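Just so it is clear, none of the values below were taken in a lab; they were calculated from the coordinates. Computed from a predicted structure; not experimentally measured. A quick note on method: Cβ atoms are made from the backbone with ideal geometry, for glycine too, and the neighbour counts reach across all protein chains shown.
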Amino acid sequence: MRDQVEALAELVSGARGLVAFTGAGVSTESGIPDFRSPGGVWDRFDPNEFTFQNFMASEAGRRRYWELGRQTFPVIRRAEPNPAHHALVTLWRTNRLDCVITQNIDNLHQRAGLPPERVVELHGNATQARCLSCEKPYAREHIQARLEDGVAVPLCDPPCGGIIKPRTIMFGEAMPRREMEEAERRARAADLFLVVGSSLVVYPAAYMPLHAKQAGARLAIVNLSETPHDHAADLVIRGSAAAVLAAVIERLQARPVSP
Ligand code: NAD
């Protein structure tokens with residue numbers, strides 16, 4: 001592991017355009033379970049039920065969705081950024097990181113200190129919501145208070161009364177066009193593409209490492225379990241995101257500054 005950390009520090013130190021790509025695994029050490037590890041959300045809920053189509057189709061579908069949301073939002077609300085999030089901020093502050101492309105919806109990269117324009121969110125953000133009729137924005141926190149007061153399906157303020165939806169991309173919902181284009185453009189411009197904590201099985205997000213690789217970037221993957229793109233990577237580290245990224249920062253800080 002020490003040699004691998006050294007190898008990653010070497011790649012990062014030589015990079016001129018580093019793009020990080022994060023998934024749920026970067027936030028498990030903040031106490032937010034991922035989807036696919038044992039004990040994850042989908043061990044307890046059936047993902048087929050929580051689709052965009054079911055949310056839009058009926059009040060019953062929205063009621064089920066908000067019941068899940070009422071239970072899961074407090075986990076996101078109380079989570080704090082962990083050393084992996086902080087390490088990425090350090091890379092940005094030291095001009096080593098272009099941006100983070102994330103599949104996460106937990107807002108932890110921004111809370112750790114990355115400017116919002118440096119975080120490309122492919123699956124939206126669970127701390128915000130909006131009315132689908134009039135576009136009025138709502139803090140998810142505000143919606144949570146209504147849910148906890150016993151409202152089963154929150155609606156937009158009168159006179160609108162429209163359907164309120166979290167700003168997350170649900171299963172079956174179209175990907176956000178601007179973010180997808182920006183992510184692909186930045187992935188293709190990267191000379192080092194660093195995957196952290198993603199199973200790389202959720203498409204189209206999982207195309208990003210391939211776009212980067214095809215355009216000539218080195219590919220490094222830090223993940224606890226195997227991914228289908230490991231064979232394409234220049235470096236694979238099976239380890240904890242927080243431990244590995246913090247150790248990389250330590251190595252970089254111990255080095256003389258490169259010109
Ligand atoms: P995933 O659940 O499919 O995979 C997570 C990966 O991270 C796994 O391969 C696991 O081995 C690895 N992992 C877990 N803990 C780790 C750690 N401490 N260090 C290193 N690796 C670790 O997640 P995904 O690839 O992001 O895709 C699933 C979808 O889940 C995404 O679309 C995302 O929107 C959503 N999601 C987000 C959050 C969040 O915002 N925190 C949480 C759960 C799910």
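Over the Cα atoms of region 146-251, each weighted equally, I'd like the Debye log10 I(q)/I(0) at q = 0.16, 0.20, 0.21 Å⁻¹, rounded to two decimals. Scattering profile of region 146-251, log10 relative to I(0): -0.81, -1.04, -1.11. Using Cα pairs closer than 8 Å and at least 6 residues apart in sequence, work out the relative contact order for the chain, in percent. For the chain, the relative contact order is 25 percent.
Residue-wise HN-Hα couplings along region 236-252, as the Karplus relation 6.51 cos²θ - 1.76 cosθ + 1.60 with θ = phi - 60° gives them from phi, are 10, 10, 8, x, 6, 4, 5, 5, 5, 5, 5, 5, 5, 4, 4, 4, 5 Hz; Gly and Pro carry x.
The ranking of Val26, Val5 from fewest to most other beta carbons within 10 Å of each one's beta carbon is Val5, Val26. Using only side-chain charges placed at the Cβ, +1 for Lys and Arg and -1 for Asp and Glu, the dipole size of the chain relative to its Cα centre rounds to 400 debye.
When the helices of the chain are scored as -39500 (n - 2.57) per DSSP H run of n ≥ 4 and the total is divided over every residue, the value at 222 nm lands at -11500 deg cm²/dmol. As a proxy for reagent exposure, ranking Thr94, Thr168 by other Cβ atoms within 10 Å from fewest up yields Thr94, Thr168. Could you identify which residue out of Glu29, Glu141, Glu181 has the top mean-square fluctuation in a GNM of the chain using Cα springs shorter than 10 Å? So, out of Glu29, Glu141, Glu181, the one fluctuating most is Glu181. Taking Lys and Arg as +1 and Asp and Glu as -1, the other residues whose beta-carbon sits under 14 Å from that of Cys160 total +1. Centre-to-centre separation between the Cα atoms of region 170-194 and those of region 51-75: 26 Å. Quick check on the chain: take the gyration tensor over C-alpha atoms, sort the square-rooted eigenvalues as a ≥ b ≥ c, and tell me if it's rounded (a/c under 1.5), prolate or oblate. Verdict is prolate for the chain. Modelled spin-label separation between Ala174 and Tyr207, with each label point placed 7 Å from Cα along the Cα-to-Cβ direction: 1.5 nm.
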